[in-house]
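Participant: What follows is a structure written as structure tokens; I'll ask about it next.
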Amino acid sequence: QGERKGQNHYYPPDFDPQKHGSLNGYHGTHALRERARKLSQGILIIRFEMPYNIWCDGCKNHIGMGVRYNAEKKKVGNYYTTPIYRFRMKCHLCVNYIEMQTDPATCDYVIVCGAQRKEERWDMADNEQILTTERSEKEKLETDPMYKLDHGGKDKEKLRKALPSLSELQDHQAGWKDDFILNSKLRRKFRTEKKVMEEEEEKDNAVRKRTNLSIPLLPEKEEDKKLAALLTYTAPDSYDDRQNYKRKEISSRSWFSSPTLPPGSAAGSLLHKLGLQGKGAAVAKALGPQASSPNPHSLIRRLRQEGSEDTVAPSEDYMDRRDLTRDQYSYSEMLCENRPSNVYVT
């Protein structure tokens, strides 16, 4: 009897069928071992395979169809005489539990909690797919003339609705009927475009070679031509030319700092005259007799526009001497020394 021990068919000498009933009862175990540890609660542990794709509510990960779990199976009700079973399993990626149960009415599985189904169901009729005729419907069409007449009317209505789409498809196919001519036109167009592209590529290569560039060039535009024509690049040939250019620029520059005055104002025109006529003549003309006075410094007012709070009317002899307009102005100070070389404008 030694070979029977491995198959659990060994009955020991003290086995009593009236007392133990079976070998499992004799050993105090169940035939399903650990799977039946909750059998007293009506729960059996089975190997459950995911019937469709879902997303776990705990970790938001995707769980594919066919993934297997150790699930707790229990009966929760009946649909007529068909039992409804519920399965509870733990997600393999987090601590969330997923519960599903059977739906005998639709021959499907329903998620109770813990997950969301990836919706991949569709109705073939709504999707405009061809439906196979059921055997019972075929028999009814062959035996019931009224049903056949009604079915034919529905088919004609479907044809009337689909007729515009069918006509459009036929016209589209008719345009591609002569594929040889269409292919010839397409190849001719490609050859023409290819020649143009090769010519442009040769021009770009010449420009890149001349300018030592290795970047792709953009297409030439009319605006680029106009902008390039406006640009002139001149550089002195030698150091002496550059120095002469700097001296000429310095000599033509105004001796006075450019004031922040409007270009059309009287004070602005006066300062412009001072900058153009030189130091001695400008100061003599602007200050008149006051330039030779023993006082080393004299106060000259610069005019501002009317509207300031500190507006003061200038004296008549000052206005006559400067030959300015008789509008109202306010003043800011300009300090001039007695020598013409020390004239400052602030």
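The values are calculated or read from the model by the stated rules, or taken from the named source; none is laboratory data. It should be emphasised that the depicted structure is a prediction, and the values quoted were computed from it without experimental measurement. Cβ coordinates were reconstructed from backbone atoms using ideal geometry, including for glycine residues, and neighbour counts include every protein chain displayed.
Participant: Go through the residues of region 55-67 one by one and say whether even a single one is farther than 16 Å from THR102 by Cα, touching a residue at least 60 places away in the same chain (Cβ under 8 Å) and surrounded by 13 or more Cβ atoms within 10 Å (Cβ to Cβ).
Facilitator: yes
Participant: Sticking with this structure for a sec: Of the numbered conditions (1) more than 42 Å from the chain's Cα centre (by Cα); (2) under 24 Å from GLU120 (Cα atoms), HIS62 satisfies every one except a single condition; which is it?
Facilitator: If we test HIS62 against (1) more than 42 Å from the chain's Cα centre (by Cα); (2) under 24 Å from GLU120 (Cα atoms), just (1) comes out false.
Participant: Related question: Can you say whether ARG135 is loosely packed, with under 10 Cβ neighbours inside 10 Å, modelled with pLDDT of 85 or more and farther than 27 Å from TYR109 by Cα, as far as the supplied structure shows?
Facilitator: Details: loosely packed, with under 10 Cβ neighbours inside 10 Å: yes; modelled with pLDDT of 85 or more: no; farther than 27 Å from TYR109 by Cα: yes.
No; evaluated as a whole, the condition is false for this residue.
Participant: A further question follows. From the list THR82, THR106, THR102, THR29, which residue is touching a Pro at 6+ places or on another chain (Cβ under 6 Å), of a type in the set (Ser, Thr, Tyr) and on the phi < 0 side of the Ramachandran plot?
Facilitator: Unique residue meeting the criteria: THR82.
Participant: While we're on this one: What are the pairs with Cβ atoms under 6 angstrom where one residue, in region 182-210, is surrounded by 10 or more Cβ atoms within 10 Å (Cβ to Cβ) and the other, located anywhere, is not β-branched (Val, Ile, Thr)? Sequence gap at least six, or different chains.
Facilitator: ASP204/LEU217
Yes or no, residue by residue, for (1) modelled with pLDDT under 85; (2) closer than 25 Å to ARG121 by Cα; (3) more than 53 Å from the chain's Cα centre (by Cα):
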| site | (1), (2), (3) |
| --- | --- |
| ASN8 | yes, no, yes |
| SER22 | yes, no, yes |
| GLU34 | yes, no, yes |
| VAL76 | no, no, no |
| MET89 | no, yes, no |
| ASP108 | no, yes, no |
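Participant: Can you confirm whether region 116-124 contains a residue that is modelled with pLDDT under 85, closer than 30 Å to GLU49 by Cα and surrounded by 10 or more Cβ atoms within 10 Å (Cβ to Cβ)?
Facilitator: Scanning region 116-124, I find at least one residue that is modelled with pLDDT under 85, closer than 30 Å to GLU49 by Cα and surrounded by 10 or more Cβ atoms within 10 Å (Cβ to Cβ), so the answer is yes.
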